[in-house]
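Peer 1: Sharing a structure here in structure tokens format.
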Amino acid sequence: FETRLKLDAVTSVRVFAGLTDQVAALESPLSSTGGSDTLIATATDAVGFVFDTAMTTDDWWAAGVKSGTVATTVDMSTADAPAAATYQKLRIEIDSTGTAVFFVGGVRRGSVSSAVTTTVGLTPAIVTTGLSSAARVLDVDYIYCAQDR
């Protein structure tokens, strides 16, 4: 999975960019529990980048949920945090064991072991939620998905 996207503002916003089994409901597959750097899942299986200003640390987070259990998350670093009106390229590679490797701007930034169930069908998704009355705009330049079996 790879995408290039930009936010108009990086305040009071939540973004998920990745793959999910949750296709019926219009909500973020992974999001902050609020007031900490902990994520909760509405999806049963998903893997992706999460940026949520309700978290203590406003960075991209590498995250996954496998069979309803949220995997250990990885902070992608302040250097890679989204900046307003600036495109970023985000990439996820998933191996046959369900380990996901995360890249920001073409640079490997971390991995999550047992991030997702490899036998579950996943759909690409980019979800943006404004966390205040202010509207938020997310521009997506492209989404690229490929499966190697």
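Peer 1: Hey, could you pull the Cα Rg and Dmax for the range 54-139, both in Å?
Peer 2: 14.1, 42
Peer 1: Further question: Quick one: grab Rg to one decimal and Dmax as a whole number for the chain, Cα atoms only, in Å.
Peer 2: Computed over the Cα atoms of the chain, radius of gyration and Dmax are 13.8, 44 Å.
Peer 1: While we're here: If you count only protein heavy atoms with a 1.4 Å probe, what accessible area per residue comes out for the range 43-82, rounded to a whole Å²? Each step should come with its number before you reach the end.
Peer 2: Details: 1290 Å² over 40 residues.
In whole numbers, the range 43-82 has 32 Å² accessible per residue.
Peer 1: Continuing with the same structure: Determine the sum of side-chain charges near Thr3: Lys and Arg each +1, Asp and Glu each -1, restricted to other residues whose C-beta is under 12 angstrom from that of Thr3. Please report the intermediate quantities before stating the final value.
Peer 2: Working: positive: Arg4, Lys6, Lys89, Arg91; negative: Glu2, Asp139, Asp141.
Net local charge, Thr3 excluded: +1.
Peer 1: Next up: Whole Å is fine, so just give me how far the alpha carbon centre of the range 100-149 lies from that of the range 19-50.
Peer 2: Going from one Cα centre to the other spans 11 Å.
Peer 1: Can you send over the carbon and sulfur percentage of the accessible area for the range 8-149, probe radius 1.4 Å, protein chains only?
Peer 2: Answer for the range 8-149: carbon and sulfur cover 49 percent of the accessible area.
Peer 1: Using bins 5 angstrom wide from zero, how does P(r) for the range 22-77 break down, in % of all Cα pairs?
Peer 2: 4, 23, 32, 26, 12, 3, 0
The values are calculated or read from the model by the stated rules, or taken from the named source; none is laboratory data. Keep in mind that this is a model prediction, so the values were computed, not measured. Note that we place each Cβ from the backbone using ideal geometry, even for glycine, and neighbour counts take in every protein chain shown. Protein only, heavy atoms only, side chains kept; ligands, DNA and RNA dropped before computing areas. Shrake-Rupley method; radii C 1.70, N 1.55, O 1.52, S 1.80 Å.
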